[in-house]
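Chemist: Below: one structure in structure tokens.
The values are calculated or read from the model by the stated rules, or taken from the named source; none is laboratory data. Please read all numbers here as calculations on a predicted model, not as lab measurements. Cβ placement follows ideal geometry from the backbone for every residue including glycine, while neighbour counts extend to all protein chains displayed. Quick note on the areas: whole protein, heavy atoms, side chains included, nothing else; ligands and nucleic acids left out. Shrake-Rupley method; radii C 1.70, N 1.55, O 1.52, S 1.80 Å.
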Amino acid sequence: MLLNIDSIRECTESEGIGKRFAIWTQGCMKRCRNCCNTQMQPIIKKKYYRL
């Protein structure tokens, strides 16, 4: 299985209270209204990681 990773944040506080590690994947076909990460919606190759 491959993950298409847009970015990895070793320390983020923007996703709620407290510090956390975050992995952001690239590509989403849901197209939710009010999406806060529209730049990550297109299905384009970024960095593939094998699981």
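Chemist: What's the number of the condition Gly27 fails, among (1) over 13 Å from the mean Cα position of the chain (by Cα); (2) at positive phi?
Modeler: Failing condition for Gly27: (1).
Chemist: Hey, does the range 16-27 have a residue that's charged (D, E, K, R), at pLDDT below 90 and open to solvent by less than 100 Å² (accessible area, probe 1.4 Å)?
Modeler: no
Chemist: Out of (1) exposed (fewer than 13 other Cβ atoms within 10 Å of the Cβ); (2) among the β-branched types (Val, Ile, Thr); (3) in contact (Cβ under 8 Å) with a residue 24 or more places away in the chain, the odd one out for Thr38 is which?
Modeler: (3) is the only condition that Thr38 fails.
Chemist: Go through the residues of the range 11-22 one by one and say whether even a single one is part of a loop (DSSP other than H, G, I, E, B), out of contact with any helix residue (DSSP H, G or I) (no Cβ under 7 Å at 6 or more places or on another chain) and either hydroxyl-bearing (Ser, Thr, Tyr) or touching a residue at least 24 places away in the same chain (Cβ under 8 Å) (or both).
Modeler: Yes; the residues of the range 11-22 include at least one that is part of a loop (DSSP other than H, G, I, E, B), out of contact with any helix residue (DSSP H, G or I) (no Cβ under 7 Å at 6 or more places or on another chain) and either hydroxyl-bearing (Ser, Thr, Tyr) or touching a residue at least 24 places away in the same chain (Cβ under 8 Å) (or both).
Chemist: Still on this structure, I have one more. Which numbered condition in (1) in a strand (DSSP E or B); (2) open to solvent by 70 Å² or more (accessible area, probe 1.4 Å); (3) of a type in the set (D, E, K, R) is the only one that Asp6 fails?
Modeler: It fails just one condition, (2).
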